[in-house]
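Some notes on the structure that comes next.
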């Protein structure tokens, strides 16, 4: 589609300062996502001490946000269609601020959990709606990099949360750690008030004049007639898609890949590192909370840097090679991490210094490989592999699966670590990494440089139906 239309004016719209500012403001939703994902890692150390939490209660305090995230992801598509992208982000931001306030003043587990669920619902909506809003503002030829700004913002939010955790670690003020999240929340709230809704949504609800006005503003030109016509054509092609159509033979493999990667991204243990990194470092021998949180900040830096590297490589190396190298590197790092804990168990009298170094290096290598492949490419692929009229439904299902798996992994980590041992839990995640590698090798096609029609025709051909254009359906399943 993009290749065939590359000469059209709508496809060659320049990137204006207005669009760049709008995308940057909306991407603050990604910062909220990342901040709340990371801030619990430091806060839970002090919450557990203050309230004398058991392992199960600490797991619940950490993972409760994910219950709300699943609900938010489920509701995100409906809200976006009925209220618009802009209002959905605004309401999600208000919900985030309300949850942050409740958590910051919570006097016990009940009020704390209520606040965490509200925050989760907000980031569940934002994780779905912010990329959608940006994609519908950005010119087509740079839409990929603009949407990727949201994923980069998530890693920045995680890094910021680690810095906040370190700053307040000496005072053990976990309430202040959460309260800092209100700052980007307020910026997003007032920023979105000043921004328009997406022209695509305005047009879809019959507000053609408003859509045309917004397009003229964001494109910096009065000549938007052809782009309006393209929006109209795209909306017509999307009509009639139902969630049940995802089970149709031509789409079923795409559904398996999307949901499979959503779950495997989580069961390889990434969010146990994000949520529990300070606890992992303390278990590895770092004596103080402040030292453990400082070591965790290094993971945040690595996450940001290698996500940036991934954005540079994705359209050069390809999705599939990056995924295979990413998962292989993650798996090796997990095995080494487990070995480090096993050796400490056999030689406890040797102290924790050596293990602390092994832990820091292996965790950073693990995050680097995740950030360069499995982290961002999952979100990219689910935007590419579904046919146009089912893309929103397919992304919603995959997002719910991702948050659901995230919840299960976070909720069971401390319990599984107690049962399997610290070495055993990371070896288990390593085994999941091996399964993920074979899943990618067997099922995931290379989509780099392919039009969306070619991607759709590949899945039609895999279902045993003749493609519309045989000569353009040749996506590779093997490298």
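Listed values, structure above:
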{"read-out": "Cα centroid separation, the range 48-122 to the range 409-450 (Å)", "value": "26"}
{"read-out": "Whether the range 1-239 is rounded, prolate or oblate, judged on the alpha carbon gyration tensor where a/c under 1.5 counts as rounded", "value": "prolate"}
{"read-out": "Highest average packing first - 50-57, 251-258, 153-160, Cβ atoms within 10 Å", "value": "153-160, 251-258, 50-57"}
{"read-out": "Computed lengthening from residue 56 to residue 434, 0.36 nm per intervening residue step minus Cα-Cα distance", "value": "133.2 nm"}
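Rule-based calculations on the coordinates, nothing more; no lab input. Nothing here was measured: the structure is a model prediction, and the numbers come from that model. Glycine also receives a Cβ, built like all others from the backbone with ideal geometry; neighbour counts cover every protein chain displayed.
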